[in-house]
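Worksheet: the structure to be examined is printed underneath.
Just so you know, all these numbers are worked out from the coordinates, no wet-lab data involved. What you are looking at is a predicted structure, and each value in this text was computed from that prediction instead of being measured. All Cβ positions, glycine included, derive from the backbone under ideal geometry; neighbour counts span all protein chains shown.
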Amino acid sequence: MDDPEIRRRRDDDLKACVEALATVYEADRYPARWPDDPAGWLTPDGLLDAWAAWDGTCVLGHVALTRTGRAMAAEAGLVPDELVSVSRLFATASARRSGVATALLATAVAAATADGLRPVLEVEDGGAAAVRLYERAGWRLVSSREGDWTTADGRTALLHTYLAPAGEAR
Ligand SMILES: CC(C)(COP(=O)(O)OP(=O)(O)OC[C@H]1O[C@@H](n2cnc3c(N)ncnc32)[C@H](O)[C@@H]1OP(=O)(O)O)[C@@H](O)C(=O)NCCC(=O)NCCS
């Protein structure tokens, strides 16, 4: 596959992003429950920026940056103003293992770093592929806690907080 084109998400990209998300939900139950308003789910409170990866007119993946809440900042041991959260990261099932998520993550990290912010994220314990991706990119596990929701396979969610490598921030 050619390198995907990564560009800042526009409002009129949302329909294609939702279609891509639907394939991820079918393959991985991500998100754990299909949202009533999937475009809204891709546009969470505190959204700062979002990008999609494209192959022509087809969305291959997506990532967003949001403000970091106090709870996640406390997990990271830093103050919210120093942080920015990576969220809504996915690659479509047919585009997997070709570097789409790595490229999206690098785009989000570069934007965060340019703003002097340290990227942080949460990943559920069952997301083995995502954990491997983050660890391979040098992210560090800083804490884990139980979530207040149940995973698709019936477990209480276990949420891991990861920080981007220090060299890539500030
Ligand atoms: C996790 C996810 C985003 C990875 O997307 P991707 O585009 O396939 O990832 P990449 O091709 O950039 O993979 C980079 C590295 O991550 C690791 N990785 C990715 N998928 C993996 C898998 N299924 N199993 C093991 N390692 C995996 C590998 O180290 C891989 O490098 P390699 O292919 O050279 O071995 C994708 O599987 C996905 O969308 N999953 C469902 C949604 C999700 O979990 N989102 C994260 C929420 S926190």
* Asked: Which whole-Hz ³J(HN,Hα) couplings does segment 5-20 yield from phi under the Karplus relation 6.51 cos²θ - 1.76 cosθ + 1.60, θ = phi - 60°, glycine and proline marked x?
  -> 8, 9, 9, 4, 6, 10, 4, 7, 8, 4, 4, 5, 5, 5, 4, 5
* What nm distance separates the two modelled labels at Trp41 and Asp125, each placed 7 Å from Cα along Cα→Cβ? -> 2.3 nm
* Structure fact -> With a Förster distance of 25 angstrom and the Cβ-Cβ distance between Arg132 and Trp34, calculated FRET efficiency to the nearest 0.05 equals 0.50
* Contour excess over end-to-end distance, with Cα ends at Glu5 and Ala166 and 0.36 nm allotted per residue -> 55.3 nm
* **Environment charge at Thr23 (Cβ cut-off 13 Å; Lys +1, Arg +1, Asp -1, Glu -1)** => -1
* Structure fact -> Everything considered on the Cα gyration tensor (a ≥ b ≥ c; rounded for a/c under 1.5, else prolate if a/b is larger than b/c, else oblate), segment 19-99 must be described as prolate
* Return the single residue from Thr43, Thr107, Thr57 with maximal mean-square fluctuation; model: Gaussian network over the chain, springs between Cα atoms under 10 Å. => Thr57
* Structure fact -> Per the rule of 0.36 nm per residue minus the C-alpha distance, extending Leu158 to Cys58 adds in nm 32.7 nm
* Only Lys, Arg, Asp and Glu count, each charged at its Cβ (+1, +1, -1, -1), so figure out the dipole size of the chain about its Cα centre, rounded to 20 debye. => 340 debye
* Structure fact -> Per the C-alpha gyration tensor (a ≥ b ≥ c, the square roots of its eigenvalues), segment 74-143 is rounded if a/c is under 1.5, else prolate if a/b beats b/c, else oblate; here it's oblate
* In segment 1-88, with Lys and Arg counted as +1 and Asp and Glu as -1 at Cβ, which of these residues, Pro38, Val84, Trp51, has the Cα nearest the positive end of the dipole, that is, farthest along it? -> Val84
